[in-house]
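Here's the structure we're looking at; comments come further down.
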Amino acid sequence: MSGHGAPSIAFNSEEKAHTGSLRLAIVAASWHTEIMAGLVAGALRGASDAGIANPTLVRVPGSFELPVAVARLAAKFDAVVALGVVIRGGTPHFEYVCQAATMGLSEVSVRTGVPVGFGVLTCDTEEQGLARAGLPGSVEDKGHEAVTAALATAVTLAQLGV
């Protein structure tokens with residue numbers, strides 16, 4: 001399972017005081033509603049765990065649309081999280097969407113300097129997505145992990161003064 005060896009990130013009280021003041025946006029695709037519901041719930045739980053009461057939640061049609069929405073939001077937020085799921089089918093569509101989402105989100109983060117949490121599941125099967133969605137019975141909670149990673153990066157950059 002891909003979660004093996006993942007770091008455990010918990011904000012201490014000093015960091016939580018800082019994260020609670022950060023502006024966080026969560027951009028979520030709409031395809032695969034059950035998996036997305038788990039990812040969004042995990043992301044909102046991650047925000048709450050970090051002391052952020054009301055993150056902005058924006059929905060877009062699919063994972064391909066995530067980079068443009070994240071790019072627009074990066075100008076107004078301290079961290080942005082992208083959530084989506086792409087499940088392999090019988091055509092090259094999977095590779096094109098995965099590559100576009102990954103490259104687009106990476107480019108936004110590097111260009112803007114705003115941490116972008118990558119919560120896009122790229123799975124061979126729906127079962128793999130369900131296992132990572134943070135639902136009851138899931139072995140991973142990628143929505144929570146994406147928020148925590150973006151906020152931890154924002155805190156680190158702030159501590160460095162950059």
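If you count, for each residue, the other Cβ atoms within 10 Å and average over each peptide, how do 56-64, 79-87, 140-148 line up from highest to lowest?
79-87, 140-148, 56-64
Tell me the label only: which of [x] 161, 25, 13; [y] 48, 34, 27; [z] 73, 34, 23 is Cα extents along the principal axes in Å as calculated from this structure?
Checking each listed value against the structure points to [y].
Using the basic label-point model (7 angstrom from Cα toward the beta carbon), what is the A10 to A158 distance in nanometres?
Going from the A10 label point to the A158 one covers 2.1 nm.
Counting only complete DSSP H runs, which helices of the chain cover 20 Å or more along their long axis at the Cα atoms and score a mean Kyte-Doolittle of 0.5 or above?
In the chain, the long hydrophobic H runs are 33-49, 142-160.
Toward the positive end of the charge dipole of the chain, about the Cα centre and with charges on Cβ (Lys, Arg +1; Asp, Glu -1), which of Q159, C123, S138 goes farthest?
So the residue furthest toward the plus end is Q159.
If you take the beta carbon distance between R45 and K76 as r and set R0 to 22 Å, what does 1/(1 + (r/R0)^6) give as a FRET efficiency, to the nearest 0.05?
0.40
Just need the relative contact order of the chain here, percent rounded to a whole number, with Cα pairs under 8 Å and 6+ apart.
28
Using a simple spin-label model with points 7 Å from Cα along the Cα→Cβ vector, what separation in nm is obtained for A100 and V68?
Each label point lies 7 Å from its Cα, and together they span 0.9 nm.
Give me the extension gain from V58 to A37: residue separation times 0.36 nm, minus the current Cα-Cα distance, reported in nm with one decimal.
6.2 nm
By counting other Cβ atoms within 10 Å of each Cβ, how are D49, D124 ranked from fewest to most?
Going from sparsest to densest Cβ surroundings: D124, D49.
In which sequence would M103, M36 go, from the one with the fewest C-beta neighbours within 10 Å to the one with the most?
M103, M36
With charges set only on the Cβ (+1 for Lys and Arg, -1 for Asp and Glu), what does the dipole of the chain come to about its Cα centre, in debye to the nearest 20?
Result for the chain is approximately 440 debye, rounded to the nearest 20.
Throughout, read-outs are computed from the coordinates displayed, never taken from laboratory work. These numbers were taken from a predicted model, which means no experiment stands behind them. Virtual Cβ from ideal backbone geometry, glycine too; neighbours counted across all protein chains shown.
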